[in-house]
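Encoded as structure tokens, the structure appears first; notes follow it.
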Amino acid sequence: MKDKNIVILTGAGISAESGLSTFRDNGGLWCNHRIEDVATPQAFFRNPMLVHDFYNSRRSQLKDVEPNAAHQALAKLAAKWQGKVYIITQNVDDLHERAAKNTNKPPILLHMHGELKKARCAESEKVFEWDGDLSTETPCPCCDKKGNMRPHIVWFGEIPLYMEAIQLLLKECSLFMSIGTSGNVYPAAGFVHEVRSFTDAHTVELNKEPSQGKSLFHEKIYGNATEIVPAYIDKILTGQVKLTA
Ligand code: OAD
């Protein structure tokens, strides 16, 4: 049983207790910024500096936060589970990577909405590791042109990354966990439906409150990620979770 694959979808809620804002909770990022101003290709065309400033400040915030017990529990699961553990994350932070940096068998991570610590050339699509700020004056490492660099982030109206690989994973998993996501944004919000349509995998939602897709999950556990995720991972590792429904 332990060689079966586990697929985990994570959202902003898993990083909330590390100190990163979610999007739709009270005081969340979309309460203080309009999506149309900072998270669409049109916004970047109209006012690139406003968009750069939004992502620069989020990138710089990563220096002040650490992975929490929920990120660490998922790293522990990947290290101990004989099968593969895939984390499909909507998060653009690097806390899953940092939680697993000292393990021999880290989870396989798919950042479907991009990564704050990467930037790319809008012309060549080449992607670069990026630690500092971006501006309209930043010369592109590949073509040296100014104004070509953009955050490596999937904006509204753009197609999420790794979708082909994700579709395959959803059809092959034996356990699907959704952690810290409100289930408002597709395609991620539809993943549980795909798992239910194509597999007999057990599906579980771990979140602070019921998500939009709550009725589609076999099991639901509500509370803070730093408490409920480590407890659930221990149940998996001690054989107390029956994988297929
Ligand atoms: P949301 O802000 O929509 O939802 C966060 C969820 O986490 C909510 O359901 C909260 O109840 C839950 N939550 C908050 N604190 C928690 C905690 N301590 N423990 C457990 N759960 C907690 O964030 P996402 O669902 O990730 O996309 O948002 C999805 C996408 O919408 C984002 O990737 C982003 C956004 O627009 C883009 O920018 C393209």
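Structure summary
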| quantity | calculated |
| --- | --- |
| Amide hydrogen neighbours beyond the local backbone of residue 201, cut-off 5 Å, H modeled | 245 |
| Counted charge near residue 70, where neighbours are those whose Cβ lies closer than 9 Å (Asp, Glu -1; Lys, Arg +1) | -2 |
| Sequence-separation-based contact order of the range 97-245, relative, with Cα cut under 8 Å and 6+ spacing, percent | 16 percent |
| Normalised alpha carbon radius of gyration of the range 130-241 [divisor 2.2 N^0.38 Å] | 1.42 |
| In Å, descending, principal axis extents of the Cα set of the chain | 55, 37, 34 |
| Highest-fluctuation residue, 87, 14, 228 considered, GNM on the chain with Cα pairs under 10 Å | 228 |
| MRE, 222 nm, helices only [DSSP H, n ≥ 4, -39500 (n - 2.57), over the chain, to nearest 500] | -9000 deg cm²/dmol |
| Solvent-accessible heavy-atom area per residue, rounded to whole Å², over the range 1-101 at 1.4 Å | 45 Å² |
| Given charges at Cβ of Lys, Arg, Asp, Glu: the chain dipole, positive-most of 79, 51, 148 | 79 |
| Degrees between helix 163-172 axis and first principal axis of the chain (Cα, 0 to 90, nearest 10) | 0 degrees |
| Inter-part distance where the range 98-113 and the range 2-53 are each reduced to a Cα centre, Å | 19 Å |
| Tilt relative to the chain, helix 225-237 - C-alpha long axis, 0 to 90 degrees, to 10 | 50 degrees |
| Accessible surface of the range 37-152, 1.4 Å probe, proportion on carbon and sulfur as whole % | 49 percent |
| Lys/Arg +1, Asp/Glu -1 at C-beta; the chain dipole; positive extreme among 210, 157, 170 | 170 |
| Net +/- balance of residues flanking residue 61 in space, Cβ distance below 15 Å, scoring K and R +1, D and E -1 | -4 |
| Long pairs among 208/235; 84/235; 118/220; 63/145; 63/84, criterion Cα-Cα beyond 25 Å | 118/220; 63/145; 63/84 |
| Probe 1.4 Å, protein heavy atoms only - accessible area per residue of the range 122-179 in square angstrom | 54 Å² |
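The values are calculated or read from the model by the stated rules, or taken from the named source; none is laboratory data. All values derive from a computational prediction rather than experimental measurement. Don't worry about glycine lacking a Cβ; one is built from the backbone with ideal geometry, like all the others, and counts go over all protein chains shown. Surface accessibility is based on the protein's heavy atoms, side chains included, excluding ligands, DNA and RNA. Shrake-Rupley method; radii C 1.70, N 1.55, O 1.52, S 1.80 Å.
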